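The values are calculated or read from the model by the stated rules, or taken from the named source; none is laboratory data. Source: prediction; values computed, not measured. Note: ideal-geometry Cβ built from the backbone for every residue, glycine included; neighbour counts use all protein chains shown. Only protein heavy atoms, including side chains, enter the accessible area calculation; ligands, DNA and RNA are left aside. Shrake-Rupley method; radii C 1.70, N 1.55, O 1.52, S 1.80 Å.
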Amino acid sequence: MKKCLLLLLLLVGFSCVSKAQIVLASDFTDVANAKQAMPYHLNVYNRITPINGVNPANNKNAKFCIVRPLGGIAKKGVADLSKDSYKWNAKSKKFYTDFSLLKKQLDGIFNDGKGIHQIVLDNPSWAFQRNAKGELVGDSLKVATYGNAEPPRDYKAWENYLKEVMRFLITTYGEDKIQNIQFDIGREIGTPTHWSGTKEQFFKFYKTSVTAIHSVLPNAKVGTHFLWGTSKKAWGRDFVKWAKINKAHYDFVGVSYYPFYHQAGRTNFNEVYAKDFAVIKDTPEWNKNAKLEMHEYSLIKKLSKAGNAFESAPNAHQNSFMVGLMKMFYQNNMQNVFQWGNGASYAPASKLLLAMEGDTYFENTKQGKSETEENYIDAIFAKDTTKNRYHILAYNYNANPNATNKESLKISATFNVPPNTKLKYRVANYNKEKNNVSWSKWQETITKGNYKQKSTILFNKDLAVFSFLKYEVDLSFKTK
């Protein structure tokens, strides 16, 4: 009898632990788990000198970041002076401004009914490399990968020029419209092809620029853009400390993020946040009123030798990775991903994220053992208070692009309803081959628990690598 009982216990025990399973759980009744309202972070798109307007993104709320709008551009390795908004008149021996090309860029967006999130004040026009007499000295027109990366020879001239830029914008478009646009001083600072000067020179350049902008529009939103924290020239943390000591104003700091889809150190979200972003945002000197944005992003498969072009990862990788990226954003209160292209490759994930805009983000726990340690698995838990619905968006990503495994998930959600309450739910599944999402019909489930006024539902589901799924639970329909 004892042997039979022992054998039974061994069999039961084996059945409990033989299958690896990840448990993702959130208690929606615990107010401590409720965090911020969830913005939709995928409305901003980068465009370089959009002289002929912008190609529409697949997003009715699209806003654009205009890159290199002031000039300082190279064409086939030669300085293109025709694109400059600050010029030198050889006859009169004077500098002058010409904002016709800048206006054409802005009009191409505004006249199409679209918005501008940011204007980048990056490459100085080539005329800023001339001395006070208008002379070019040495290699003044030295061309970097993108054009002029040299600091202006005369910072006072640059300050006066930016004042003219701001006055032109306000006169042309009105103060209210310009007030809603943020101004980014510099682009990927730390990269020699964007800024060839020293860190100290840039900090001086930044403060000069802020002073000029705010002298015309005191409440203008101003910030800058650095490389990620693990980069060899990551100046973001030093900037935050310098700004605190020198009382330099900033409303945002942008950071680039170009992860190779097969590198664990660049795709593990917990490590990435800690090493690349927290070193800036969680610095004690950080301005608590500022926001941390991702000013350049793409999940990369290959990068060109020059470093200025790339091949994107496959669609399935991009979709599952985007869900994990947004989990990192909500968990750490980051804002806005500035995208290249129109985001079509990861549109299935984007649409599900858009449906959660305005929901309340809830923290969750993660326990259990995964089938494969290299899989990154988690979920976004959210509550839609207007419809009394709950959303759970789970993902599975792996740094091995050829991985084919799957994970067994147990998803737990606790609500303010008595046990044995009938609830409606439906589930969205991602199809890798078609790169789309299909929803199930609404189904019923029954809550479980030992409390009088709260209970839990459990979902068990296998989730393939490079995939995601979403549960939607409706509490407006509940019966006992």
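Structure values in brief
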item	result
Distance violations [Cα-Cα > 31 Å] among Lys410/Lys454; Lys83/Lys244; Lys241/Lys302; Lys133/Lys163; Lys76/Lys241; Lys163/Lys301	Lys83/Lys244; Lys241/Lys302; Lys76/Lys241; Lys163/Lys301
Distribution of pairwise C-alpha distances over the range 126-167, 5 Å bins, in %	5, 23, 26, 23, 16, 5, 1
Amide H partners (placed H, <5 Å) of Gln339, local residues excluded	Val44, Tyr45, Asn46
Net +/- balance of residues flanking His225 in space, Cβ distance below 15 Å, scoring K and R +1, D and E -1	0
Listed residue (Ile300, Leu217, Ala243) projecting farthest to the positive dipole end of the chain, Cβ model	Ile300
Using alpha-carbon coordinates, inclination of helix 155-173 to the longest axis of the chain, degrees	70 degrees
Over the range 120-224: Rg over Rh, Cα atoms, Kirkwood Rh	0.98
0 to 90° range, to nearest 10: angle between helix 100-110 axis and the chain longest Cα axis	20 degrees
Candidate values [x] 14, 25, 23, 15, 10, 7, 3, 2, 0; [y] 21, 48, 24, 6, 1, 0; [z] 19, 32, 25, 16, 7, 1, 0, label of the one derived for P(r) over Cα pairs in 20 Å bins from 0, in percent	[y]
Net charge of Cβ neighbours under 13 Å - reference Arg237; Lys, Arg +1; Asp, Glu -1	+2
Theoretical gain in end-to-end length, Ser476 to Phe310 [0.36 nm per residue, Cα-Cα removed]	55.1 nm
Packing-based ranking, highest mean first, of 38-48, 375-385 given that Cβ atoms within 10 Å are counted	375-385, 38-48
Helix-only mean residue ellipticity at 222 nm for the chain, each DSSP H run of n ≥ 4 adding -39500 (n - 2.57), per residue, nearest 500	-7500 deg cm²/dmol
Accessible surface ranking that places the most exposed of Leu354, Leu106 first, with a 1.4 angstrom probe	Leu354, Leu106
Cα-centred dipole magnitude for the range 150-309, charges only on beta-carbon of K, R (+1) and D, E (-1), debye, nearest 20	340 debye
Percent of beta bridges antiparallel (DSSP, the chain, rounded to nearest 5)	60 percent
Per residue accessible area of the range 341-480, 1.4 Å probe, in Å²	48 Å²
Separation of the Lys369 and Lys301 label points, Cα + 7 Å toward Cβ, nm	3.6 nm
Cα centre as origin, Lys/Arg/Asp/Glu Cβ charges: the range 305-402 dipole, Debye	180 debye
Cβ charges +1 (Lys, Arg) and -1 (Asp, Glu), total dipole of the chain, debye	400 debye
Centroid-to-centroid separation of the range 79-150 and the range 178-230 [C-alpha atoms, Å]	16 Å
Percent carbon-and-sulfur accessible area, the chain, ignoring ligands, DNA and RNA, probe 1.4 Å	50 percent
Principal-axis tilt of helix 236-246 within the chain, Cα atoms, nearest 10 degrees	60 degrees
Solvent accessible area, Å² - Thr386, 1.4 Å probe, full protein context	120 Å²
Stokes-Einstein D in µm²/s, Kirkwood radius over Cα pairs - the range 330-480 at 10 °C with 1.306 mPa s viscosity	95 µm²/s
Full-extension gain in nm, Tyr96 to Leu458, via 0.36 nm per residue minus C-alpha separation	123.5 nm
Counting all C-alpha pairs of the range 302-419, share separated by more than 23 Å (%)	40 percent
Alpha carbon Rg of the range 154-281, scaled by the compact-globule rule 2.2 N^0.38 Å	1.17
Largest-first ordering by accessible area, 1.4 Å probe, given options Ser440, Ser209	Ser440, Ser209
Positive-end residue of Ser438, Gly449, Asn460, charge dipole of the range 402-480 with Cβ unit charges	Gly449
Heavy atoms of His194: accessible area, 1.4 Å probe, square angstrom to 10	20 Å²
For Arg167, solvent-accessible area (1.4 Å; no DNA, RNA or ligand), Å²	120 Å²
The range 323-373, Rg to Rh (Cα coordinates; Rh as Kirkwood inverse mean 1/r)	1.03
